[in-house]
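None of the figures in this text is laboratory data; all of them are computed from the coordinates on show. Bear in mind that the values here come from a model prediction, so they are computed numbers and not experimental data.
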Amino acid sequence: MTLLPACCTPLDAHWPLPVPLPGTVFLSTRFDPALLSAGDFQRSAVPPPASIQRSVAKRQAEFLAGRLCARAALQQLDQLDCVPAIGEDRAPIWPGHISGSITHSTGHAAAIVGHKAQWRGLGMDVENVLTLERAERLASEILTADELQRMAALPRDQIALLVTLTFSVKESLFKALYPIVQKRFYFEHAEVLEWSQAGHVRLRLLTDLSNEWCHGKALEGQFVVEGEQLLSLVAIGA
């Protein structure tokens, strides 16, 4: 077992979302960039890509924390000793038979992995919950016209949660689907149809990405709010 650097808390296997995913391994950690020290990458045996070597402590710490979660999850799932590299499209490169996702936001990183034979796509995203003022300002960039209309019917105290959720779950959708369709798509290419305070969310594609993943195709996601952060997950079964 590699020793964790001082900037990361012990890896936590607690499953935070409403519905467990059988056959997956989920690990998270809290990290503090102020505690990152010069030799942490080397001591942790995580090779930092050139882009990370040049970046600020926050970016280095979140990359290291996310990769430590990913490596430990792969070890648990399949006894693999592997740190996913960054691909040209900036997505992590997983072993060929593995689906996975890494996410990080302020002080919090997590990774999930599973076998492609069971989970074709896994996408996970953590975001800081927006303030109401910021949510109202960003809504038109993140939400489609129909989503904005549905938002207008909501009590004002739910708007920040809805905009944060819509942003996060569309990020998760992209991470889950991109490895399958190999095609970029953006916020306007999917919509949140419905969501519940219990953490369930339903999405629909608004564009054709492939014969299978076409306009109108609906998918399920889930989310949880813990403190100031929202974690979302979209999982596509085999």
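Quick notes
- Estimated translational D of segment 25-117 in µm²/s (Stokes, Kirkwood radius over Cα pairs; 10 °C; 1.306 mPa s): 119
- Where N is the number of residues in segment 126-237, Cα Rg divided by 2.2 N^0.38 Å: 1.01
- Relative contact order of the chain, defined on C-alpha pairs under 8 angstrom at six or more residues apart (%): 18
- Within the chain, the whole DSSP H helices whose Cα atoms reach 24 Å or more along their own axis and whose mean Kyte-Doolittle score is at least -1.0 are 57-78, 159-181.
- Separation between Cα centres of segment 104-143 and segment 185-238, rounded to whole Å: 11
- For the chain, lysine pairs with C-alpha atoms less than 18 angstrom apart, excluding pairs fewer than eight positions apart on the same chain, total 6.
- Pairwise Cα separations in the chain fall into 5 Å bins from 0 onward with the following percentages, short to long: 1, 6, 14, 18, 18, 17, 13, 8, 4, 1, 0.
- For the chain, calculated [θ]222 nm from helices alone, where every DSSP H run of n ≥ 4 adds -39500 (n - 2.57): -9500 deg cm²/dmol
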